[in-house]
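The values are calculated or read from the model by the stated rules, or taken from the named source; none is laboratory data. For clarity, every value in this text was computed on a predicted model and none was experimentally measured. Glycine gets a Cβ as well: all are built from the backbone with ideal geometry, and neighbour counts include every protein chain shown.
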């Protein structure tokens, strides 16, 4: 059973879809920029590489494995939000609802065309297909 939507509810769904897509694009852009800035603010784990060669630091070779920092937790949250907005945008781009002025019209019934009979192509006469004899020098 095909359920028909009224034009009013169909237009409402289109508007909601546009609003959600716009909202997700804005959130996605903000989170992307935040994720870039958060990652750039963090110090690398190899920053204290000199400590392994007598620098006197108490950290291990590739950084401490203790409690994670605030920026580390913020990176995780931003990455999760980034992935969720990416999935949402992919869903909305694949399930686009478009409106049409032809929703109430039925498709016209097409008549089957009669098979075309091939026309006879005149065959060239054998005399015309033979090349002319070259001129003989006297």
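Quick notes on this structure:
- Residues of region 35-46 satisfying the condition of being in contact with a helix residue (DSSP H, G or I) (Cβ under 7 Å, 6 or more places away or on another chain) and over 22 Å from residue 89 (Cα atoms): 38, 39, 41, 42
- The lone criterion from (1) outside any loop (DSSP other than H, G, I, E, B); (2) modelled with pLDDT of 65 or more; (3) surrounded by 12 or more Cβ atoms within 10 Å (Cβ to Cβ) left unmet by residue 51 is number (2).
- Tally, over region 1-34, of residues that are more than 17 Å from residue 95 (Cβ to Cβ), exposed (fewer than 12 other Cβ atoms within 10 Å of the Cβ) and at pLDDT 90 or above: 3
Yes or no, residue by residue, for (1) in a loop (DSSP other than H, G, I, E, B); (2) modelled with pLDDT of 65 or more; (3) surrounded by fewer than 10 Cβ atoms within 10 Å (Cβ to Cβ):
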site	(1), (2), (3)
58	yes, no, yes
74	no, yes, no
88	no, yes, no
98	yes, no, yes
127	no, no, yes
